[in-house]
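J.: Have a look at the structure that comes next, please.
The values are calculated or read from the model by the stated rules, or taken from the named source; none is laboratory data. None of these values were measured; they are calculated from a predicted model. When we count neighbours, we look across all protein chains shown, and the Cβ atoms used for this are built from the backbone with ideal geometry, even at glycine.
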Amino acid sequence: MRIALVAARHGRPVCDDGTGEAGEDIQLRELSRRLADEGHEVAVYAPAPEGGPPSAQPGVRVEYIETASRPSAAGISSDILSEVPAFSGPLRERWSKDRPDVVHAMHWTSGLAALAAARDLQLPVVQSFQSLGVAERRHRVIPQAADAERIRLEPAIGRTAMAVLAGSAEVQSDLTRLGVPRRCIKVVPCGVDTTAFTPEGPAADRGDRSRLVTVTGLREHDLAALTTVLRALAKVPGTELVIAGGPERGELGSHPVRRRLGMLADSLGLADQIEFTGQLGRSALPPLLRSADLFVTASEYDPSGMTSVQAMACGLPVVASAVGGQLDAVVEGTTGMLVPPGNPAVLANKLRLLLSHPMLRDAFSVAAADRAVHRYSWDRIAAETLAAYDSAVGALPAAA
């Protein structure tokens, strides 16, 4: 199959895995590689990046399209809608000469460009939604007045595409409420590299205290979740917390969120129980996860649950907020425990329970690793994505 992946992303990264890489970019890299490994001809269409192109994946052709302005480091364009014609025009021209079998738009602006380019060419378009503007507004990730165009257009994109891939059951439910036919929606989450994230392998050094690990971008909207974790930690004696991710380590001292968390830790008497790693190299996260007793995340919005799945793949039980992709990833009482967001007392109770029962943690560890491999491996994600492609291609004659 000839597959065109469209990656014209304009929007804030919702989550990263401590390496500074957005979850959406991890998805694009791993999915394109797996599809190419399966023998498919994969082309990625993206805006020309500043500073030169990133390293290409073996077997994946990358075609860059020049636009009037480029996304910033945060992926935000000053005028999103004005960029769509500048992107869709070259797409239409290229696809008219080099026709793909299916087009997969990875983000909502990708969908706008892909649908405009494919319309006259009768190409089937598959649309991915890892997160939705209505959900980000509901969970206060974005201001109430922000992203009005995105919130208006995402339902139309979903209704026009021949197949829609939702990153979680919550996204699927939101899409259905927005008028996208349920029969067109399939839940296909972001996967995990089960060759890198495994229970076996080196573990980071640690002391005698129980260890919790959390992963965060240290963004402003992460502050409430991290405050909940610190207040819970104050009720769990003899335990340390490693906060992975954020800016480079040398920039932590001046980082505003890090400084506010440091002041809170001091006020709670936790100064010697908290460690900030800063941004990690890609190879450093699995050893850190293997060194821990539990992974904890109190995010008030997490559409993918990606970092929890990475921890589970390393055999680490998870205590997570019952929101978004966490509801899909964490099986309550089997791979970890789910707690209401913003409740330090309940979070502390669950942490104390698991830390005081090593045999229960061991059982959770085995189940967590098994679930990560069997539900979230990129091989399975690629297979489910290909099934959606087949469905979209098969529906094309009836839709024409």
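J.: Pull up region 337-350, narrow it to residues that are surrounded by 16 or more Cβ atoms within 10 Å (Cβ to Cβ) and under 26 Å from CYS190 (Cβ atoms), then point me to the one that is modelled with the lowest pLDDT.
T.: So, considering only residues that are surrounded by 16 or more Cβ atoms within 10 Å (Cβ to Cβ) and under 26 Å from CYS190 (Cβ atoms), the one modelled with the lowest pLDDT is PRO341.
J.: Kindly indicate whether any position in region 255-275 is under 21 Å from the mean Cα position of the chain (by Cα) and touching a residue at least 40 places away in the same chain (Cβ under 8 Å).
T.: No: region 255-275 contains no residue that is under 21 Å from the mean Cα position of the chain (by Cα) and touching a residue at least 40 places away in the same chain (Cβ under 8 Å).
J.: Please specify each residue of region 203-216 satisfying the condition of being in contact (Cβ under 8 Å) with a residue 60 or more places away in the chain, surrounded by fewer than 22 Cβ atoms within 10 Å (Cβ to Cβ) and more than 12 Å from LEU351 (Cβ to Cβ). Walk me through how you get there before you give the answer.
T.: Within region 203-216, the first condition is being in contact (Cβ under 8 Å) with a residue 60 or more places away in the chain, and the residues that meet it are 203-206, 209-216.
Those still in the list that are surrounded by fewer than 22 Cβ atoms within 10 Å (Cβ to Cβ) too: 203-206, 209-211.
Of everything in region 203-216, those that are in contact (Cβ under 8 Å) with a residue 60 or more places away in the chain, surrounded by fewer than 22 Cβ atoms within 10 Å (Cβ to Cβ) and more than 12 Å from LEU351 (Cβ to Cβ) turn out to be ALA203, ALA204, ASP205, ARG206, ARG209.
J.: Okay, moving on. Collect the residues in region 342-400 that are touching a helix residue (DSSP H, G or I) at 6+ places or on another chain (Cβ under 8 Å) and in a loop (DSSP other than H, G, I, E, B), keeping them in residue-number order.
T.: GLY342, ASN343
J.: Could you please find all residues in region 326-336 being surrounded by 24 or more Cβ atoms within 10 Å (Cβ to Cβ) and either at pLDDT below 95 or aliphatic (A, V, I, L, M) (or both)?
T.: Within region 326-336, ALA329, VAL330 qualify.
J.: Follow-up question, since we're still on this one. Among the numbered criteria (1) in contact (Cβ under 8 Å) with a residue 60 or more places away in the chain; (2) under 21 Å from ASN349 (Cβ atoms), which one does ASP193 miss?
T.: So ASP193 meets the others, but not (2).
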